[in-house]
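Asker: So that we are looking at the same thing, I have put the structure below in structure tokens.
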Amino acid sequence: MASIKILGAFGGKANGMDLTSLQISPNSVIDAGNLIDALGSDVQNIDNVFITHAHLDHLVDIPFLIDDTFSLRKTPLKIYGRKENLNHLKNHILNWDIWPDFSQIPLIDSDHKAVEFIEIELDKTLQFDQFDITAIANNHTSSSNGYIISKHDSSILFTSDTYCCDSLWHRVNSDLRISTVIIDVSFPSQYEKLAHDSKHLTPKLLKQELQKLQRDDVTIHINHLKPYFKNELIEQIYSNELLLNNGSILQSQDIVEF
Ligand SMILES: [Zn+2]
Ligand SMILES: [Zn+2]
């Protein structure tokens, strides 16, 4: 059975609650909310970071990842993302003012630069030794995306931050290899306007979204709870019976099989 490891699963930073990151192979992660603390010295093995969007809770460890591992690297840290998101990272974070532009700085005794930005497009699959990965549209920022990770014949869909989105469910309904979904629930159901304005789901909205699921064999895991609302959200997630087929509310160090 294939698996990925959760390195952080919350939509805000608080004691014992880590920001969003998933490890999909020993050297590859999706998002960089919590790499340094979660991986310890293994962080030096990370060569590939796939980003879902440029919100800080998904990127915050990238500057420190590069800085901490710089002198150990023989090859660049590759950051994969849609053009707009890579531009946000280049223009607003790795811009010399906030943090050095490591895509201009050569590694020690090497012609390689420390960082390489690699543009990806929606619905184009990239193949690696241990997995395939495909960016798919979600409904959060103007350039955000989720990812489908495939290993052997099984796939998991990580929606990343999203509001209501027909195309995600269409994808799950039409691709029977997708056995498992990890989806965003950030705010309690009574904050529906806030959820709409910030493009996140509530338990009530996810309940409605699940009406679009035409399969009964998909496991639903939930992440991205806002720490302040954690206890209320847990109550609403259980009372709405959202964790289909033995899904769970994810936290750091969980192994998700699919
Ligand atoms: Zn987020
Ligand atoms: Zn976001």
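For every residue, the table says whether it meets (1) aliphatic (A, V, I, L, M); (2) within 16 Å of ligand 2 (Cβ to nearest atom); (3) at pLDDT 95 or above; (4) touching a strand residue (DSSP E or B) at 6+ places or on another chain (Cβ under 6 Å).
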position	(1), (2), (3), (4)
SER179	no, no, yes, yes
SER186	no, yes, yes, no
GLN190	no, no, yes, no
SER198	no, yes, yes, no
LYS204	no, no, yes, no
GLN214	no, no, yes, no
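Asker: Among the listed residues ILE6, ILE46, which satisfies the condition of being under 17 Å from VAL185 (Cβ atoms) and more than 16 Å from ligand 2 (Cβ to nearest atom)? Outline the logic, then answer.
Answerer: Working: ILE46 fails: under 17 Å from VAL185 (Cβ atoms).
That would be ILE6, the only listed residue that is under 17 Å from VAL185 (Cβ atoms) and more than 16 Å from ligand 2 (Cβ to nearest atom).
Asker: Select from the range 121-158 the residues that are closer than 15 Å to HIS55 by Cα and crowded, with 24+ Cβ neighbours inside 10 Å and write down the one among them that is nearest to ligand 2 (Cβ to nearest atom).
Answerer: Ranking the candidates gives SER144 first.
Asker: May I ask you to list the residues in the range 127-170 that are of a type in the set (Phe, Trp, Tyr), under 19 Å from GLU209 (Cα atoms) and in a loop (DSSP other than H, G, I, E, B)?
Answerer: Within the range 127-170, TYR163 is the sole residue that qualifies.
Asker: Suppose we keep only residues that are acidic (Asp, Glu) and over 14 Å from LEU157 (Cβ atoms) within the range 195-216. Which one would you say is surrounded by the most Cβ atoms within 10 Å (Cβ to Cβ)?
Answerer: Checking each candidate, the answer is ASP197.
Asker: Could you check the range 48-81 and list, in sequence order, the residues that are more than 16 Å from ligand 1 (Cβ to nearest atom), surrounded by 18 or more Cβ atoms within 10 Å (Cβ to Cβ) and within 22 Å of LEU122 (Cα to Cα)?
Answerer: Selection gives ASN48, LEU77, ILE79, TYR80.
Asker: Please determine, by comparing only the residues of the range 52-70 that are in contact (Cβ under 8 Å) with a residue 40 or more places away in the chain and not hydrophobic (A, V, I, L, M, F, W, C), which one is nearest to LEU35 (Cα to Cα).
Answerer: Only one residue fits best here, namely ASP61.
Asker: For the range 77-130, enumerate the residues that are among the acidic types (Asp, Glu) and within 25 Å of THR141 (Cα to Cα).
Answerer: GLU84, ASP97, ASP101, GLU116, GLU119, GLU121, ASP123
The values are calculated or read from the model by the stated rules, or taken from the named source; none is laboratory data. From a predicted model like this one, the values you see are computed outputs, not experimental measurements. Backbone-built Cβ (ideal geometry, glycine too); neighbour counts: all protein chains shown.
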